[in-house]
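All remarks here apply to the structure that follows.
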Amino acid sequence: MADRAPFDTNLITVTRFVLEEGRKAKGSGELNQLLSALCTAVKAISSAVRKAGIANLYGLSGGKMNVTGDEVKKLDILSNDMVVNMLISSFSTCVLVSEEEKNAIIVDPDTRGKYIVCFDPLDGSSNIDCLGAIGTIFAIYRKTTEGEPNEKDALQPGRNIVAAGYALYGSATMLVFSAGNGVNCFMLDPAIGEFILVNKNVTMKKKGNIYSINEGYSKYFDPAVLEYIKQKKCPKDGSAPYGARYIGSMVADVHRTLMYGGIFLYPANSKSPQGKLRLLYEGNPMAYIIEQAGGMATTGTKNVLDIVPESIHQREPIVLGSRDDVQEYLEHVKRCA
């Protein structure tokens with residue numbers, strides 16, 4: 001194996017990557033502005049996460065609940081404010097939809113651009129105080145209507161996504177991103193403050209050997225889901241059982257599924273008959289990334305990216321992962337119907 005240089009003198013940063021892709025597509029540069037602002041927000045959130053204990057950023061924000069009924073933590077508020085402020089100041093957005101905001105934010109005309117961004121500023125925040133992996137999820141759309149922007153402009157199917165991705169704050173900070181030409185992973189180098197390309201054109205395994213689901217809710221699961229899990233644990237054909245992994249942060253669980261293959265499930269159940277995960281800023285961006293990497297994402301009855309949303313905080317069941325694993329799940333559910 002050839003020796004690698006100790007220091008790369010031709011780094012591909014996320015800024016360089018997006019500029020090169022934008023030049024090929026003959027874009028206006030507005031998307032580059034947006035992504036640059038988003039990267040700045042992610043770097044700031046990463047820094048806050050690293051020193052949360054020292055800066056007294058652990059714990060709840062004082063009993064506040066967000067619009068989806070989750071208790072809000074101090075880092076949730078900081079992350080939301082950071083993403084909102086950076087996106088508005090990028091002069092590239094017109095409508096912002098956040099998990100932490102009841103209504104869509106309509107950007108003032110003086111700082112307005114053509115893009116709509118739906119985001120979860122800090123996914124998996126129940127993991128904050130125990131130093132578990134957490135992240136930021138986003139999906140970017142173009143405004144497709146004439147006239148003043150409004151909340152309805154964000155109600156677009158995932159097929160309309162221009163770019164989407166997530167940041168994972170774990171043992172390192174990674175940005176996973178796609179603008180419709182495959183999935184690329186960028187690692188934050190804290191020494192130079194830049195995201196560096198480390199995995200290009202990520203392709204998922206067609207079939208994995210890991211399943212990821214919160215089995216603590218088993219009493220609420222449909223019989224078909226229970227039987228599927230049982231088959232993964234105790235295969236009747238004598239094959240090796242699947243391993244079980246569940247972190248409780250969608251970003252971390254989906255990222256592992258992207259890297260190692262397998263299946264991630266958050267199906268509907270008797271407690272959450274409409275599903276639990278939010279379509280616009282959790283389901284759609286993650287489904288987009290998984291499909292771009294060659295995987296598959298479904299609600300159990302239809303493709304996630306084909307759903308036309310009716311409200312900005314709409315919930316849907318989500319099952320995604322390696323194509324063969326998801327297809328096997330769908331065939332199993334169909335047989336049990």
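The values are calculated or read from the model by the stated rules, or taken from the named source; none is laboratory data. Computed from a prediction, not measured in an experiment: that's the story for all the values here. Note: ideal-geometry Cβ built from the backbone for every residue, glycine included; neighbour counts use all protein chains shown. These area figures cover heavy atoms from the full protein model, side chains too; ligands, DNA and RNA do not enter into them. Shrake-Rupley method; radii C 1.70, N 1.55, O 1.52, S 1.80 Å.
For segment 86-96, how many residues are free of Cβ contacts under 8 Å to residues at least 40 places away in the same chain and either over 19 Å from the mean Cα position of the chain (by Cα) or over 18 Å from residue 136 (Cα atoms) (or both)?
1
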Discussion item. Taking the criterion of being modelled with pLDDT of 95 or more and of a type in the set (Asp, Glu), would at least one residue in segment 128-135 satisfy it?
Written reply: no
Discussion item. Every residue in segment 149-181 that is surrounded by fewer than 24 Cβ atoms within 10 Å (Cβ to Cβ), at pLDDT 95 or above and not hydrophobic (A, V, I, L, M, F, W, C), please.
Written reply: 149, 150, 151, 152, 153, 156, 157, 159, 160, 173, 178
Practice prompt. Would you mind stating whether residue 228 is outside any loop (DSSP other than H, G, I, E, B), at pLDDT 95 or above and over 23 Å from residue 75 (Cβ atoms)?
Written response: yes
Worksheet item: Got a sec? Which of 232, 236, 207, 200 is open to solvent by less than 90 Å² (accessible area, probe 1.4 Å), basic (Lys, Arg) and over 19 Å from residue 273 (Cα atoms)?
Response: 232
Worksheet item: Is there a residue being buried (at least 18 other Cβ atoms within 10 Å of the Cβ) and assigned to a helix (DSSP H, G or I) anywhere in segment 212-225?
Response: yes
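Mind checking whether some residue in segment 291-306 is open to solvent by less than 10 Å² (accessible area, probe 1.4 Å) and out of contact with any helix residue (DSSP H, G or I) (no Cβ under 7 Å at 6 or more places or on another chain)?
No: zero hits.
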Worksheet item: residue 260 passes all but one of (1) modelled with pLDDT of 95 or more; (2) more than 22 Å from residue 232 (Cα to Cα); which number fails?
Response: (2)
Fill in: Matching option when the condition is of a type outside the set (S, T, N, Q), in contact (Cβ under 8 Å) with a residue 12 or more places away in the chain and farther than 17 Å from residue 326 by Cβ, among 229, 192, 213, 196
196
Discussion item. Checking residue 122 against (1) closer than 19 Å to residue 286 by Cβ; (2) open to solvent by 20 Å² or more (accessible area, probe 1.4 Å): exactly one of these is not met. Which one?
Written reply: (2)
Fill in: Among (1) open to solvent by 40 Å² or more (accessible area, probe 1.4 Å); (2) farther than 18 Å from residue 264 by Cα; (3) among the polar types (S, T, N, Q), the one test that residue 184 misses
(1)
Worksheet entry | Checking residue 320 against (1) open to solvent by 10 Å² or more (accessible area, probe 1.4 Å); (2) in contact (Cβ under 8 Å) with a residue 12 or more places away in the chain, the condition it does not meet | (1)
Practice prompt. Quick one: which residue in 34, 38, 75 is at pLDDT 85 or above and over 23 Å from residue 184 (Cα atoms)?
Written response: 75
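Within the bounds of segment 153-162, is there any residue that is assigned to a strand (DSSP E or B) and not hydroxyl-bearing (Ser, Thr, Tyr)?
For segment 153-162, residues assigned to a strand (DSSP E or B) and not hydroxyl-bearing (Ser, Thr, Tyr): absent.
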